[in-house]
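A.B. asks: Below you will find the structure I want to go over with you.
What follows draws every value from the coordinates through simple rules; no lab data is involved. Note that the structure is predicted; figures quoted are calculated from it, not measured. Heads up, the Cβs are rebuilt from the backbone with ideal geometry, glycines too, and the neighbour counts pull from every protein chain shown.
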Amino acid sequence: WEAVDRLAKRFFSANPLSPIGHRYMALTAQQTGNSAATIRPLKRLLLLDPADPVDLHFRLATALADRSPAEAKRHVLQALEDAPRFRAAQKLLTRLAKPKPPAEEAKAQ
């Protein structure tokens with residue numbers, strides 16, 4: 001995946017308005033488990049009028065789930081707006097909607 005990432009970055013530097021570099025940078029970050037590096041290319045892809053915005057919103061929500069739950073919830077809702085039967089997005093929304101216990105309560109127990 002290192003070579004793919006390096007080539008995607010080279011392609012991006014040559015043509016930043018092409019979705020190809022962004023797509024492969026996001027894919028490489030996802031495959032290596034680096035959710036933080038996935039966020040920026042996915043956000044850029046959304047700005048480039050993608051063919052499948054539902055998938056991009058879902059992938060972005062998945063990457064943001066632990067870092068920024070409110071933003072992740074917004075993206076998963078945008079995915080469900082266009083595809084209300086998207087089961088994986090429904091499950092992610094359910095997970096994001098569950099309230100998290102405060103740190104003090106978790107330590108007390």
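A.B. asks: Working from Cα positions, state the angle (0 to 90°, nearest 10) between the long axis of helix 69-82 and the longest principal axis of the chain.
C.D. replies: 70 degrees
A.B. asks: Between 0 and 90 degrees, rounded to the nearest ten: what's the tilt of helix 19-31 against the longest Cα principal axis of the chain?
C.D. replies: On a 0 to 90 degree scale, this one is about 50.
A.B. asks: Which trypsin sites (Lys or Arg not before Pro) in region 23-70 sit in a loop by DSSP (not H, G, I, E or B) and have at most 16 other Cβ atoms within 10 Å of their own Cβ?
C.D. replies: ARG67
A.B. asks: Mean separation of Cα pairs under 8 Å and 6+ residues apart, divided by the residue count of the chain: what relative contact order is that in percent?
C.D. replies: 16 percent
A.B. asks: Comparing LEU60, LEU48, LEU92, which has the greatest mean-square fluctuation in the GNM of the chain with Cα pairs linked when under 10 Å apart?
C.D. replies: Looking only at LEU60, LEU48, LEU92, the biggest GNM fluctuation is shown by LEU48.
A.B. asks: Grab the alpha carbons of region 52-98, take their convex hull, and tell me the volume per residue in Å³.
C.D. replies: 55 Å³
A.B. asks: Alpha carbons only, please: Rg and Dmax for region 1-51, in angstrom.
C.D. replies: 10.0, 27
A.B. asks: Once you compute Rg and the Kirkwood Rh from C-alpha atoms, what is the Rg to Rh ratio for the chain?
C.D. replies: Ratio of gyration radius to Kirkwood radius for the chain: 1.07.
A.B. asks: Let me have the relative contact order for region 1-51, percent, based on Cα pairs under 8 Å that are six or more residues apart.
C.D. replies: Answer for region 1-51 is 33 percent.
A.B. asks: Using a Förster distance of 22 angstrom, determine the FRET efficiency expected from the C-beta separation of LYS91 and ASP55, and round it to 0.05.
C.D. replies: 0.90
A.B. asks: Next question, about the same structure. To test your reading of the geometry: what angle, between 0 and 90 degrees and rounded to tens, separates the Cα axis of helix 35-47 from the longest principal axis of the chain?
C.D. replies: 60 degrees
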